Amino acid sequence: MGPFEQLGPFIVLIRKFGWAPLQATLASYQSAPAAPKSSVEERQAEFIRRYSKNAKADLSAFFKLMGYACPDSLRAELKSLPAFDFAAWRAQTGAAKP
């Protein structure tokens, strides 16, 4: 997957939630960086955790659809947030698949 294909899904999230959650998520790594020896899967799960909390929505199913690692423990942790239903959003907006 090329760089554009990797960034494409973020267009959906920016259209749905705006720029603020993404900016807050990226800024959070300055004050609380990821563990230096964490695996790709652990870094992906941490990104989903932070982005979901900043967007105030459970984005785990969306990121899992995009190929990110999303362990069951993270899905359970985010269960209290309202789930982002990508299919419903896409149908409502008429957006193409990412």
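The values are calculated or read from the model by the stated rules, or taken from the named source; none is laboratory data. Predicted, not measured: the structure shown is a model, and the values here were computed from it. FYI the Cβ positions are ideal-geometry reconstructions off the backbone, even for glycines, and counts take in every protein chain you see.
Cβ-Cβ distances below 7 Å connect no pair with a first residue in the range 45-65 that is at positive phi and of a type in the set (A, V, I, L, M, F, W, C), a second residue that is in a helix (DSSP H, G or I) and surrounded by fewer than 18 Cβ atoms within 10 Å (Cβ to Cβ), and a separation of six or more residues or different chains. If the condition is being in contact with a helix residue (DSSP H, G or I) (Cβ under 8 Å, 6 or more places away or on another chain) and under 22 Å from Ala91 (Cα atoms), then the range 10-55 contributes Phe10, Val12, Leu13, Ile14, Arg15, Lys16, Phe17, Ser52, Ala55. Within the range 52-61, can one find any residue that is at pLDDT 95 or above and more than 16 Å from Val12 (Cα to Cα)? Yes, the range 52-61 contains at least one residue that is at pLDDT 95 or above and more than 16 Å from Val12 (Cα to Cα).
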